[in-house]
1. Which residue out of Val106, Val66, Val79 is touching a residue at least 60 places away in the same chain (Cβ under 8 Å) and either in contact with a helix residue (DSSP H, G or I) (Cβ under 8 Å, 6 or more places away or on another chain) or among the polar types (S, T, N, Q) (or both)?
2. Which residue, of Glu94, Glu111, is under 19 Å from Gly48 (Cβ atoms), among the acidic types (Asp, Glu), under 20 Å from the mean Cα position of the chain (by Cα) and surrounded by 10 or more Cβ atoms within 10 Å (Cβ to Cβ)?
3. Taking the residues in the range 41-79 that are assigned to a loop (DSSP other than H, G, I, E, B) and surrounded by fewer than 15 Cβ atoms within 10 Å (Cβ to Cβ) as candidates, determine which candidate is nearest to the chain's Cα centre (by Cα).
4. So, Ser89, is that one small (Gly, Ala, Ser) and part of a strand (DSSP E or B) or not?
5. Can you name the number of the only condition in (1) in a helix (DSSP H, G or I); (2) within 26 Å of Ile132 (Cα to Cα) that Phe38 fails?
6. Return the residues of the range 114-137 that are more than 23 Å from the chain's Cα centre (by Cα) and either hydrophobic (A, V, I, L, M, F, W, C) or part of a helix (DSSP H, G or I) (or both); say none if nothing qualifies.
7. Given the criteria surrounded by 10 or more Cβ atoms within 10 Å (Cβ to Cβ), of a type outside the set (Ser, Thr, Tyr), closer than 26 Å to Thr34 by Cβ and more than 17 Å from the chain's Cα centre (by Cα), does Val103 qualify?
8. Has the range 18-31 got at least one residue that is more than 14 Å from the chain's Cα centre (by Cα), under 15 Å from Ser104 (Cα atoms), modelled with pLDDT under 95 and among the small types (Gly, Ala, Ser)?
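The values are calculated or read from the model by the stated rules, or taken from the named source; none is laboratory data. Everything numeric here is computed off the predicted structure, so don't read it as measured data. All Cβ positions, even for glycine, are placed from backbone atoms using ideal geometry, and neighbour counts span all protein chains on display.
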Amino acid sequence: MQEFPEQVEALQEATRVLAGVALRSLDALDGVITLPQFRMLAVLAGLGRARSARVARALGLDASTVTRLADRLVAAGHVARGSDPRHRSVVTLELTPSGQRLVSVVSVWRERELSRIVAALPPAARSQLTGILGQLVAAAGEGYGLAAGPVIPV
């Protein structure tokens, strides 16, 4: 028997809504990039110029997968590949102005859509939302959802 069935179902529904917002936000880019490519851009937006190995860890991907993603984004002009002057064999990645614009367009779209959804809530629910979601994020643990991690056993 599942514990907290009503709360778990409500979270399942909320997850579907939030995943839908995330996926629909890429429509604002008219198919310019894929979701995995956007994930890399978003990680680079947070990290700044970073070693490709660090980007791979942040995404929870193999280095070869990150290289393939980066190749496509470099070719499209959204990411710049470089090297560390102290260690020439180290590959670095960073957003170009074009990549920064893509992340900004998606972020602005998401903020508008989430604002629209929150505005549809009754005022009392809006006032409770921040506290409840903050507690949910804290219960999940620091960094949960930012990168792939080990699956928690059932």
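1. Values: Val66 fails: touching a residue at least 60 places away in the same chain (Cβ under 8 Å); Val79 fails: touching a residue at least 60 places away in the same chain (Cβ under 8 Å).
Within the list Val106, Val66, Val79, the selection yields Val106.
2. Values: Glu111 fails: under 19 Å from Gly48 (Cβ atoms).
The match here is Glu94.
3. Keep residues of the range 41-79 that are assigned to a loop (DSSP other than H, G, I, E, B), which gives 48-49, 60-62, 76-78.
Filter once more, keeping what is surrounded by fewer than 15 Cβ atoms within 10 Å (Cβ to Cβ): 48-49, 60, 62, 77.
Details: Gly48: 15, Arg49: 17, Gly60: 12, Asp62: 17, Gly77: 20 Å.
The selected residue is Gly60.
4. Values: small (Gly, Ala, Ser): yes; part of a strand (DSSP E or B): yes.
Spelling it out, Ser89 is indeed small (Gly, Ala, Ser) and part of a strand (DSSP E or B).
5. (2)
6. Taking the range 114-137 and keeping what is more than 23 Å from the chain's Cα centre (by Cα), we get 119-128.
Hits for the range 114-137 are Ala119, Ala120, Leu121, Pro123, Ala124, Ala125, Arg126, Ser127, Gln128.
7. Values: surrounded by 10 or more Cβ atoms within 10 Å (Cβ to Cβ): yes; of a type outside the set (Ser, Thr, Tyr): yes; closer than 26 Å to Thr34 by Cβ: yes; more than 17 Å from the chain's Cα centre (by Cα): no.
In short, no.
8. Within the range 18-31 (the criterion being more than 14 Å from the chain's Cα centre (by Cα), under 15 Å from Ser104 (Cα atoms), modelled with pLDDT under 95 and among the small types (Gly, Ala, Ser)), the answer is yes, since at least one residue qualifies.
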